[in-house]
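Accompanying notes for the structure given below.
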Amino acid sequence: MKKENVIEAHQLTKTFGDFTAVNAISFEVKKGEIFGFLGANGAGKTTAMKMLIGISKPSSGSAKVAGFDVYTQTESIKKNIGYMSQKFALYDDLTVNENITFFGGIYGLPRKKIKEKREQLVSELGLENISNKLVGSLPLGWKQKLSFSVSLLHEPKIVFLDEPTGGVDPITRRQFWEMIYKAADQGTTIFVTTHYMDEAEYCDRVSIMVEGKIEALDTPKKLKEQFNVDSMNDVFLKLARNIE
Amino acid sequence: MSISLSHISKSYKKVKAVQDISFNVNPGELFGLIGSDGAGKTTIFRILTTLLIPDEGTATVAGFDVVKDYKAIRKSVGYMPGRFSLYQDLTVEENLTFFATIFGTTIEENYDLIEDIYVQIEPFKNRRAGKLSGGMKQKLALCCALIHKPKVLFLDEPTTGVDPVSRKEFWEMLKRLQKKEITILVSTPYMDEAALCDRIALIQDGKILEIDTPEAIVNKFPKTIYNVGANNMYKLIQTLQGYEHLYSVFPFGEFVHYTDKRDSFENADLKSYLEKAGLTDIHIEPTLANIEDAFMELAR
């Protein structure tokens, strides 16, 4: 079965003055794929992702996200993607229920649908007893799981996760990855940026950016074979050494 | 003992941040506190660096009591907090001079200690600290924490948010400092860094789960772990969770780590169970436990 591409980037480039932050990157991501987008600090990951989610206009090249053009259809892109990062997630001074209602509203869901989604989400995460508590009072791991669920509220085709699981304990981190597998299994594409290589091992395919270019792109297994090492951490070290 | 904690507890209002914690760090040891956000690591650092008074228990650092002898401790330790705490609007060189002066010394006096770290940031010595990259900020902070030649060095999550290349270089620096007879207490949420310490304390919810060498902690793991893989990861986890002999299943990269309740594990039995559920490309082989496996087992 050949799956459709939900992200297609071709020679995508972004320059700031005479500095080329993203240098002609080309890649595709398939429906339901978990795609890891790696790179050292300053390699160009964030700039590339900003172009894909429609908040930064490319300097040259082309890209389609969820079937929409990154130059001309950025509003349609935003409606069809979810986004979660550790830096911006939920509002600490709203309750669990209020956050869900708020983001449902932002995504333009009808009231009835929000109510339905809210009940479903609270019960799936086992938050029944604390749904009226402020999000600020929840442990970090719960916040992250809730934040991921909220990014899926409007049933987006793609979810962008920007360093999602830093700092959580190993069990919670695995529960989080089980949620990611579930979403991917249901056809949602997952685009993850991280510079923690153990997370890279969970991805179907991984790209590694070095100084604005994609220097490697394959399954973690094949990358490890190609570089003749045991872990993605070693793949990364071989590619990205001494660049600062 | 370079660092000694005896029955230390600290609460913030209703939250018990650390509860009855005791451990010792030997002179010249590289000791790791391994735990997630909220485990209590920073509270322990603040108590040991005399920035916070414990509710109960006693602790000494370099032979001095953390409450009574706080002034002596402040002169003999270096502390690199989790948040970048240098002056963003001073240059690299000004920051270093400032911290040297505060401790009544000069950059020249202890230059040998910081030399191999400082040379890496020296090309940027006239740049303001706020304009440095993450890796360079971290190196400058380490230089500032070392400039008065401390006996004990406290590093609170020095590698959080830092890319793998800089992380590796940072740990190589710590290994070199250790040879200069500095005792190091370092915390990290990243389990792979635990293996680089002489001894570690695994900590969760303010309590210590285990203290030992990383090898010993891994060797104590009570079960055989199997790497199990199949064509569909989500379905594999779901299916294994329904298996009657399951003890635990956790995703681990391209495989899951599976442990079985039985003493004698039947590879063929599990394989046919997974096949019946419609999974293909099934792969089952024993593998070694790592620190994360040990942590999850202890935290159960």
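Figures for the structure shown
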read-out	value
Computed Kirkwood radius, in angstrom, where 1/r is averaged over Cα pairs of the range B:222-299	12.6
Reachable lysines from B:LYS168, criterion Cα separation under 18 angstrom, eight or more residues apart if same chain	A:LYS238, B:LYS137, B:LYS139, B:LYS179
Kirkwood Rh and Cα Rg combined as Rg/Rh, chain A	0.98
Dipole magnitude of the range B:3-218 about its Cα centre (Cβ charges: Lys, Arg +1; Asp, Glu -1), debye to nearest 20	620
Measure of compaction for the range B:1-56 (Cα Rg per 2.2 N^0.38 Å)	1.12
Summed buried accessible area for A+B [probe radius 1.4 Å, Å², rounded to 100]	2800
Sequence-separation-based contact order of the range B:222-299, relative, with Cα cut under 8 Å and 6+ spacing, percent	42
Farthest toward positive dipole pole in the protein assembly as shown [+1 Lys/Arg, -1 Asp/Glu at C-beta], among B:GLY278, B:ILE203, A:SER56	A:SER56
Residues B:SER264 and B:LYS220, FRET efficiency given R0 of 22 Å [Cβ-Cβ distance, rounded to 0.05]	0.55
Only Lys, Arg (+1) and Asp, Glu (-1) charged, at Cβ; the range A:157-231 dipole about Cα centre in debye	240
Counting DSSP beta bridges with both ends in chain A, the antiparallel % (nearest 5)	50
Neighbourhood net charge (13 Å Cβ-Cβ; Lys/Arg +1, Asp/Glu -1) for A:LYS145	+1
Förster-model FRET efficiency, 35 Å R0, A:ASN129 and B:LEU298, C-beta, rounded to 0.05	0.85
Positive-end residue, chain B charge dipole about Cα centroid, Cβ charges, pick of B:GLY135, B:SER187, B:SER85	B:SER85
Rel. contact order, % - alpha carbon contacts under 8 angstrom, at least six apart, the range B:145-257	17
Angle between chain B longest axis and helix B:111-121 axis [Cα atoms, degrees, rounded to 10]	70
Using a Förster distance of 22 Å, the FRET efficiency for B:ASP20-B:ILE102 (Cβ separation, nearest 0.05)	0.05
Magnitude of the charge dipole, the protein assembly as shown, Cβ model with Lys/Arg +1 and Asp/Glu -1, debye to 20	1500
Full-extension gain in nm, A:ALA24 to A:LYS113, via 0.36 nm per residue minus C-alpha separation	27.9 nm
Cα→Cβ-extended label distance, 7 Å offset, between B:ARG83 and A:ASP69, nm	4.6
Within the range A:197-217, backbone nitrogen closer than 20 Å to the virtual label 7 Å beyond the Cα of B:ALA277 toward Cβ	A:202-204
Rg/Rh (Cα only; Kirkwood hydrodynamic radius) as it applies to the range B:3-218	0.96
Positive-pole candidate from B:ILE237, B:VAL256, B:THR224, dipole of the range B:222-299, charges at beta carbon	B:ILE237
Sequence-distant residues sharing a close amide H with B:ALA62 (under 5 Å, placed H)	B:ILE3
Bins of 20 Å from zero: percent of alpha-carbon pairs in the protein assembly as shown	19, 51, 28, 1
Accessible area in the full protein assembly, largest first, 1.4 Å probe, for A:TYR196, B:TYR70	B:TYR70, A:TYR196
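The values are calculated or read from the model by the stated rules, or taken from the named source; none is laboratory data. Nothing here was measured: the structure is a model prediction, and the numbers come from that model. Methodologically, a virtual Cβ is constructed for each residue, glycine included, from the backbone with ideal geometry; neighbour enumeration extends over all protein chains shown. Only protein heavy atoms, including side chains, enter the accessible area calculation; ligands, DNA and RNA are left aside. Shrake-Rupley method; radii C 1.70, N 1.55, O 1.52, S 1.80 Å.
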